[in-house]
1. When you scan the stretch 69-155 for helices (runs of 4 or more DSSP H) that lie fully inside it, which ones turn up with 1 or more residues that are open to solvent by less than 30 Å² (accessible area, probe 1.4 Å), within 16 Å of ligand 2 (Cβ to nearest atom) and more than 16 Å from Ile50 (Cα to Cα)?
2. Looking at the structure I just gave you, is Ile50 open to solvent by less than 10 Å² (accessible area, probe 1.4 Å), out of contact with any Gly (no Cβ under 8 Å at 6 or more places or on another chain) and farther than 27 Å from Ile155 by Cβ?
3. Is at least one residue of the stretch 310-330 under 17 Å from Leu45 (Cβ atoms), open to solvent by 20 Å² or more (accessible area, probe 1.4 Å) and modelled with pLDDT of 85 or more?
4. Looking only at the stretch 22-47, which residues are surrounded by fewer than 19 Cβ atoms within 10 Å (Cβ to Cβ), within 16 Å of ligand 2 (Cβ to nearest atom) and either of a type in the set (Gly, Ala, Ser) or over 30 Å from Ser125 (Cβ atoms) (or both)?
5. Which one of the conditions (1) touching a Phe, Trp or Tyr at 6+ places or on another chain (Cβ under 7 Å); (2) under 30 Å from Lys3 (Cβ atoms); (3) modelled with pLDDT under 90 does Thr195 fail to meet, given that it meets all the rest?
6. Being charged (D, E, K, R) and under 19 Å from Ile147 (Cβ atoms) is the requirement here; does Lys88 meet it?
7. Looking only at the stretch 266-308, how many residues end up being open to solvent by 10 Å² or more (accessible area, probe 1.4 Å), within 17 Å of Asn13 (Cβ to Cβ) and in a loop (DSSP other than H, G, I, E, B)?
Amino acid sequence: MIKIKDNFGRYVNYLRISITDRCNFRCIYCGQGRDFKFLPCSEILTYEEILRLISIGQRLGVEKVRLTGGEPFIRKGFLDFLGKVMDKFPDIDLRITTNGSLLKKHDIVKLKQIGIKAINVSLDSFDEKKFRYITKNGNLYSVLDTIYSLIQEDIRTKINVVVLKDINDDEVIRFANFAVNNPVDVRFIEFMDLTRDNKWNQKFFVSAKDILSQIYKEFELIPEILEKKTKGPARRYKIKGGKGRIGIISPLSDHCCNRCNRFRITADGSLKTCLFAKKSYLLKGLLRNKKISDDIIVKVMLKAGERKPIGRELYLKDKCEYLGMYKVGG
Ligand code: SAM
Ligand code: SF4
């Protein structure tokens, strides 16, 4: 099997695919002070095109696919689509990232029936008012209901918290306690200022080191040594006496570019080799054209792989393009 390999010896075996750029929330860190602007529906990859892309990816050694957005559950037919992906690609490790607000109890039962084993839910505050402030219009309790239902259905749940200075950094211990009392991974994520050009609000940045030192004051943490194969961007810790775990994702203070194994596909079918890369490979036209063979798309993906950069350098050199995470697919 030909695999996607770059010039730094990294293999790409993970696709993050944005199902839509649309979202019912307007998280302050995601839009970064700018208006959310959504693509016309006709520009968004159809479900059939996404299936074709996954199948080509699998030919090239892709083992894991994350479906994200925008908010993936806002797209009509997403649950049925998940069923199709599971049927067609039983060997793919399928994951989802969601804000958790649109899922009802019966949807979660369906997720379980379909065979979804793991899901990431974003939650940045346990305080109703603060939650509404961060998301602009979100309802905390709908997200909490989703999290408890996922736990009940025994679907592995990871909670993503973007830590923001003077907004929710006073809740780090509360989040850690949630991982003590529930069988979930709470993953603290460093805020990334993706605007770079106008330095939207770097004052919000809290380093992984500061987050960890808060937690170490209250809990005994046992670092986990990860298998090379499963090494993701998170550093993980067990909490002594706790049901769940803590994870720290530090894209800025301690980046993990040397282990990066992913391509991102935007909702309109652009392949980005790195969150910070300016160059995109436009796959939509190719996927949409039945006369274009899979072999041609394979060639484009292999070429993109060869040119995958070390993104940290792009970020530091201020050369990255601003794309809110809802656009690029977080
Ligand atoms: N709507 C879904 C959600 O919120 O989980 C999926 C898409 S969202 C863009 C994916 C992840 O990106 C979320 O966990 C979110 O917290 C994270 N994210 C968005 N903007 C970010 C930023 N500026 N810095 C760090 N993480 C960010
Ligand atoms: Fe929507 Fe997720 Fe962005 Fe929040 S982080 S605005 S929920 S896409």
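1. On the way: elements: 78-88, 105-114, 128-135, 140-152.
Output list reads 128-135, 140-152.
2. Working: open to solvent by less than 10 Å² (accessible area, probe 1.4 Å): yes; out of contact with any Gly (no Cβ under 8 Å at 6 or more places or on another chain): yes; farther than 27 Å from Ile155 by Cβ: no.
Considered against the rule, which asks whether it is open to solvent by less than 10 Å² (accessible area, probe 1.4 Å), out of contact with any Gly (no Cβ under 8 Å at 6 or more places or on another chain) and farther than 27 Å from Ile155 by Cβ, Ile50 comes out as no.
3. yes
4. Gly33
5. So Thr195 meets the others, but not (2).
6. Numbers: charged (D, E, K, R): yes; under 19 Å from Ile147 (Cβ atoms): no.
Criteria not met by Lys88.
7. 1
For every residue, the table says whether it meets (1) in contact with a Ser or Thr (Cβ under 7 Å, 6 or more places away or on another chain); (2) at pLDDT below 95; (3) not aliphatic (A, V, I, L, M).
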site: Lys64; (1), (2), (3): no, no, yes
site: Thr68; (1), (2), (3): yes, no, yes
site: Pro72; (1), (2), (3): yes, no, yes
site: Asp80; (1), (2), (3): no, no, yes
site: Arg95; (1), (2), (3): no, no, yes
site: Ala118; (1), (2), (3): no, no, no
site: Glu128; (1), (2), (3): no, no, yes
site: Val143; (1), (2), (3): yes, no, no
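The values are calculated or read from the model by the stated rules, or taken from the named source; none is laboratory data. Nothing here was measured: the structure is a model prediction, and the numbers come from that model. Ideal geometry is used to build each Cβ from the backbone, glycine not excepted, and the neighbour counts take in all protein chains shown. We work out accessible area using only protein heavy atoms, side chains counted, and drop any ligands, DNA or RNA first. Shrake-Rupley method; radii C 1.70, N 1.55, O 1.52, S 1.80 Å.
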